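Student: Okay, here's the structure, questions in a sec.
Derivation of every value follows stated rules applied to the coordinates shown; laboratory data play no part. Because the structure is predicted, anything quoted here is derived from the model rather than measured. Cβ: placed from backbone, ideal geometry, glycine included. Neighbour counts: every protein chain shown.
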Amino acid sequence: MKIEKIMFIRPGRWYNRMSFGQPMGVLYLISVLRQRYPGKYQFDLIEQALYELTTEEIEERFQKFDPDLLGFSASSMEAGEMEEIARLVKKEKPNCITVLGGPHASIFYDWALKNSDIDYVVIG
């Protein structure tokens, strides 16, 4: 499968806005990919908590952008939303590659690897 469109989602609800910070890991990753492979990839970044997006609104953006790879950066507090979105993504587009990173993946990688809706886990 050729990867051309990459979407990153930082899931979360209203409670995440109280401790909201920039998604530096995701932003660094996008920056490096743009520098090393100019023009090769298209990116979309969804901040669910910042924009108070519903799961349905995220699903609409997913359908519109139609990514080949979907990356999540999630803390344990956001794992429920991540699971829900990943389940919808795999139902909508089963061949979309799903990747989980962030604090939850680094601490609970064994759980993440058993989650059938996540294809790859990045730890560290």
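Student: If you filter region 9-106 for chymotrypsin sites (Phe, Trp or Tyr not before Pro), then keep DSSP loop positions with at most 13 other Cβ within 10 Å, what is left? Spell out each step's value before the answer.
Tutor: On the way: sites: 14, 15, 20, 28, 41, 43, 51, 62, 65, 72; in loops: 20, 41, 51.
Sites meeting the loop and neighbour criteria: 20, 51.
Student: Would you work out which of 31, 67, 109 lies farthest towards the positive end of the dipole of the chain? Charges go on Cβ: Lys and Arg +1, Asp and Glu -1.
Tutor: So the residue we want is 31.
Student: Quick check on region 46-120: take the gyration tensor over C-alpha atoms, sort the square-rooted eigenvalues as a ≥ b ≥ c, and tell me if it's rounded (a/c under 1.5), prolate or oblate.
Tutor: Working: a/c = 2.02, a/b = 1.24, b/c = 1.62.
The shape class here is oblate.
Student: Between residue 100 and residues 5 or more places away or on another chain, which pairs have amide H atoms under 5 Å apart, with H built 1.01 Å from N, and which residues are they?
Tutor: Residues meeting the criterion, in which the H sits 1.01 Å from N, are 72, 120, 121, 122.
Student: Next question, about the same structure. Hey, got a sec? Which trypsin sites (Lys or Arg not before Pro) in region 73-124 land in a DSSP loop and have at most 16 other Cβ atoms within 10 Å?
Tutor: Working: sites: 87, 90, 91, 114; in loops: none.
Sites meeting the loop and neighbour criteria: none at all.
Student: Quick one: how many lysine pairs does the chain have with C-alpha atoms less than 24 Å apart and a gap of 8 or more or different chains? Give me the count, please.
Tutor: 18
Student: Quick one: which residues, 5+ away or cross-chain, put their amide H under 5 Å from the amide H of residue 45? H built at 1.01 Å from N.
Tutor: 8
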